[in-house]
Amino acid sequence: MPALTRNRRLIWSEGCIADIKERGLVGLFTQIGRLSRNEPLDDFIDYSLRAMSVSFQYPLGAYRVAKSASFKPSFLLGWFPYGFSFLLISMADIQFVLASASVARRNLLIDAGIQPFVCPSHFDEDQVVISDPRELVQVLARGKAEADAPQYSTALVLGCDSVLAIDNIIYGKPESAQEAIDRWRAMRGGSGELLTGYALIAPGKEPLVRYRMMKVYFADVSDYEIRAYIATGEPMDCAGAFATDGKGSMFVEKFEGCHTNVVGLSIPLLRLMMAELGYRAIDFWGQA
């Protein structure tokens with residue numbers, strides 16, 4: 001993981017100030033937890049202390065965050081706790097925010113040369129009731145991106161959501177081990193459609209929303225194999241109760257469609273969406 005460079009200091013500072021302003025101590029500890037998932041231990045400790053400074057003593061704390069991070073305009077902005085990070089980020093390169101807790105999506109972005117800042121969305125998915133899986137994944141992806149976008153108004157924000165559809169019946173993450181077992185008994189030896197919705201928000205532009213569908217063929221696994229797989233816990237956090245980048249890869253015979261969409265993020269589609277909004281994906285290579 002790269003060190004916390006100026007750009008990543010800036011994107012974290014913007015989200016930190018916004019969250020602390022809105023939720024106080026809850027926002028503080030949310031940001032500290034988020035930082036621990038994104039940065040090395042030394043930077044995590046360093047910036048956790050700075051977040052506490054901002055939380056308990058807004059004007060002076062904000063000044064100290066700016067000064068200790070070697071931000072040149074800090075002497076002008078230290079007294080302006082809520083706006084200083086927004087102005088600073090506008091002077092930096094555009095950043096990429098992933099509104100998802102998915103480790104698989106994060107790793108796909110990193111492998112593609114994009115270092116995301118992970119900010120899991122708090123969007124309430126239960127409020128969305130849509131029977132069409134194609135429409136559903138797009139609405140959910142947009143909701144997740146829009147929930148995070150106000151905190152990162154100068155960044156690209158990506159929201160994603162995936163579901164499995166079999167005979168047009170939607171299956172998300174299983175709510176219990178027994179549900180996962182029953183689902184696998186129904187899926188084995190058959191096929192389903194894995195759909196992922198994408199919403200990309202760029203500064204000053206309307207959300208760009210797309211989806212990708214691929215067909216997945218499941219192996220005819222035994223009850224013993226199903227129970228063993230569910231016992232690993234892996235399927236419980238996956239749409240359709242399977243992960244092709246883990247142990248579940250043993251039970252997927254083949255798929256038709258984008259090679260990375262099966263993991264939850266179509267990198268080729270993301271490149272096209274970024275281009276449509278005026279950004280080149282390759283410009284994010286090497287950016288920390």
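Output the residues belonging to the stretch 212-238 that are surrounded by 21 or more Cβ atoms within 10 Å (Cβ to Cβ) and either in contact (Cβ under 8 Å) with a residue 60 or more places away in the chain or under 15 Å from residue 178 (Cα atoms) (or both).
Residues satisfying the conditions are 226, 229, 230, 235, 238.
Cβ-Cβ under 7 Å, sequence separation 6+ or interchain: first residue in the stretch 123-134 and in the same structural domain as residue 160 (by TED's automatic domain parsing), partner among the basic types (Lys, Arg). Which pairs?
Short answer, once both residue conditions are applied: 123/144.
Basic (Lys, Arg), within 18 Å of residue 267 (Cα to Cα) and either at pLDDT below 90 or in a helix (DSSP H, G or I) (or both): does that describe residue 142?
When the stated conditions are applied, residue 142 passes them.
If you take just the strands (runs of 3 or more DSSP E) that sit entirely in the stretch 172-288, which of them hold at least 3 residues that are under 22 Å from residue 139 (Cβ atoms)? Steps first, answer last, please.
Values: elements: 191-201, 208-218, 252-256.
Here the list reads 191-201, 208-218.
State whether one or more residues within the stretch 147-157 are crowded, with 23+ Cβ neighbours inside 10 Å, assigned to a strand (DSSP E or B) and touching a Leu at 6+ places or on another chain (Cβ under 6 Å).
No, because not a single residue in the stretch 147-157 is crowded, with 23+ Cβ neighbours inside 10 Å, assigned to a strand (DSSP E or B) and touching a Leu at 6+ places or on another chain (Cβ under 6 Å).
Surrounded by 19 or more Cβ atoms within 10 Å (Cβ to Cβ) and either of a type in the set (Ser, Thr, Tyr) or part of a strand (DSSP E or B) (or both), is that true of residue 136?
The answer is no for residue 136.
Do we find that residue 257 is in contact (Cβ under 8 Å) with a residue 24 or more places away in the chain, within 16 Å of the chain's Cα centre (by Cα) and under 30 Å from residue 233 (Cα atoms) in this structure?
Criteria not met by residue 257.
Let me spell it out: the conditions are (1) closer than 19 Å to residue 248 by Cβ; (2) in contact with a helix residue (DSSP H, G or I) (Cβ under 6 Å, 6 or more places away or on another chain); (3) at pLDDT 90 or above, and residue 194 meets all of them except one. Which number is the exception?
Among (1) closer than 19 Å to residue 248 by Cβ; (2) in contact with a helix residue (DSSP H, G or I) (Cβ under 6 Å, 6 or more places away or on another chain); (3) at pLDDT 90 or above, the lone unmet condition for residue 194 is (2).
The values are calculated or read from the model by the stated rules, or taken from the named source; none is laboratory data. In this text the structure is predicted, and so the values were computed from the model without any measurement. When we count neighbours, we look across all protein chains shown, and the Cβ atoms used for this are built from the backbone with ideal geometry, even at glycine.
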